[in-house]
1. Give the residue that is nearest to residue 216 (Cα to Cα), with candidates limited to residues of the stretch 98-131 that are of a type in the set (A, V, I, L, M) and in a helix (DSSP H, G or I).
2. I'm checking my understanding of the structure. Among residues of the stretch 184-230 that are among the charged types (D, E, K, R) and under 20 Å from residue 108 (Cβ atoms), which one is most open to solvent (accessible area, probe 1.4 Å)?
3. Out of the stretch 26-65, which residues are of a type outside the set (A, V, I, L, M), touching a Cys at 6+ places or on another chain (Cβ under 7 Å) and either assigned to a helix (DSSP H, G or I) or farther than 30 Å from residue 170 by Cα (or both)?
4. Counting only residues that are among the hydroxyl-bearing types (Ser, Thr, Tyr) and crowded, with 21+ Cβ neighbours inside 10 Å, which one in the stretch 111-142 is farthest from the chain's Cα centre (by Cα)?
5. Could you tell me which residue of the stretch 88-133 is modelled with the lowest pLDDT, considering only residues that are of a type in the set (S, T, N, Q) and within 13 Å of residue 170 (Cα to Cα)?
6. Out of the residues in the stretch 144-155 that are modelled with pLDDT under 95 and part of a helix (DSSP H, G or I), which is farthest from residue 211 (Cα to Cα)?
7. When you go through (1) of a type in the set (A, V, I, L, M); (2) surrounded by 15 or more Cβ atoms within 10 Å (Cβ to Cβ); (3) modelled with pLDDT under 95 one by one for residue 9, which number turns out not to apply?
Amino acid sequence: MCFLVASSVDREAEYLDALFCLTLNPLQSQRAVALVESFNPQERADFLSLADSNHVIVRGLRTVLDQAIDPDVKNWARQGIEKEEKRISTALVYLQSICDELESAKCPATVMKSLDHYPDLGNDLDLYSTADEKSICDAMTGKFNAHIEARSWGDRLAHKWNFSVPGLKESVEVHVRRLGQMGEHTALAQRFVSRRVLKVVEDKTYYVPAPEERIVVATLQRMYRHFYFRVCDIVNSASIIESGELDFQELRRVTNAAGIWPGVATYMAIVSDHVQRYRGIPLALPEFVLSAARFGGAEIKPKARFLRVPVMPYGAALYTYQVTQAAMRGDVPGTLRLSLLPYLASAAALAYKVTGSDKGVW
């Protein structure tokens, strides 16, 4: 069941709690809607900004629009939804054109993460391709007059390219032949094309990862790179698990081979714990998933706009396990790439301390 944190808790944590209520259990979110109705104009703006950061503007405001009594609040919610839907519809048109052009140029393109948010959409359009980097850059710059953004050290290691397309607010991020913070996953990455499936959104068709790979990429991003969860991560992954389409045995098999099964299991346990908190019932995860999880939802706390995963000891333990497994299976390139991560993280921390930004490193 939905509940709101005590009023003495930091306001941002209260807003996050409300967003979870509105999106995970909209039918029992009356207290969250009442909280939104009590906001002054500045608080509404802050709340909307947080919903944007967590990619749940449309899903959150739809609940407010359906249940609010105050006509001013209903109008505010309606305007917020309409503005966001306009942005999303424009982005989807560009995304389809980009995917079609890449496919025509023999650059298989799978849309990762971005469409999991729908009816919301993130601030980037993420793609994965098995083509070579030159072919992708040629297709993006030739057809769309895209500008190639400056690449950080991390981007180069991960074989990631960012493009700015005229007329498109969102940047286009293409992962080329590799996945993972250091580009350590190659065989695992290939599955994002070899097992991709079709998805129709607003009468447009895209290739997206199979359910197993959708959980994989979410885990790589949250448990091995950023170490924080957004509201959308919980909502999106709960939907995948509840769909009944996820093959847990296959997910364990492939991620065990890649050395990230404990992180995947932990990721799903955290999602389940949050579903239980806001609905009263956890997700139906197999026992072998729960037993492999290293920790659960109680260990992540709201801070700086998101739910934070403690890097020490949890993130470090998952990293150490991944490096060890890569070394044990004789993956020398993967081991070497992963061994660079602490140095890259130190450089990023130093750059942030000196300049206030880690741009150029991560």
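1. Residues of the stretch 98-131 of a type in the set (A, V, I, L, M): 98, 102, 105, 109, 111-112, 115, 121, 125, 127, 131.
Next cut, in a helix (DSSP H, G or I) only: 98, 102, 115.
Working: 98: 24, 102: 24, 115: 15 Å.
Top of the filtered list is 115.
2. We begin by selecting, within the stretch 184-230, every residue among the charged types (D, E, K, R); these are 184, 191, 195-196, 199, 202-204, 212-214, 222, 225, 230.
Pick out the ones that are also under 20 Å from residue 108 (Cβ atoms) and you get 191, 195-196, 199, 204, 212-214.
Numbers: 191: 29, 195: 76, 196: 49, 199: 58, 204: 35, 212: 7, 213: 0, 214: 50 Å².
Applying the filter and picking the extreme gives 195.
3. Within the stretch 26-65, the first condition is being of a type outside the set (A, V, I, L, M), and the residues that meet it are 26, 28-31, 37-44, 46-47, 49, 52-55, 59-60, 62-63.
Those left that are additionally touching a Cys at 6+ places or on another chain (Cβ under 7 Å): 28-29, 31, 54-55.
Scanning the stretch 26-65 gives 28, 29, 31.
4. Top of the filtered list is 129.
5. 123
6. 153
7. Going through (1) of a type in the set (A, V, I, L, M); (2) surrounded by 15 or more Cβ atoms within 10 Å (Cβ to Cβ); (3) modelled with pLDDT under 95 one by one, residue 9 breaks only (2).
The values are calculated or read from the model by the stated rules, or taken from the named source; none is laboratory data. From a predicted model like this one, the values you see are computed outputs, not experimental measurements. Virtual Cβ from ideal backbone geometry, glycine too; neighbours counted across all protein chains shown. The accessibility values were calculated without ligands, DNA or RNA, using every heavy atom of the protein model including side chains. Shrake-Rupley method; radii C 1.70, N 1.55, O 1.52, S 1.80 Å.
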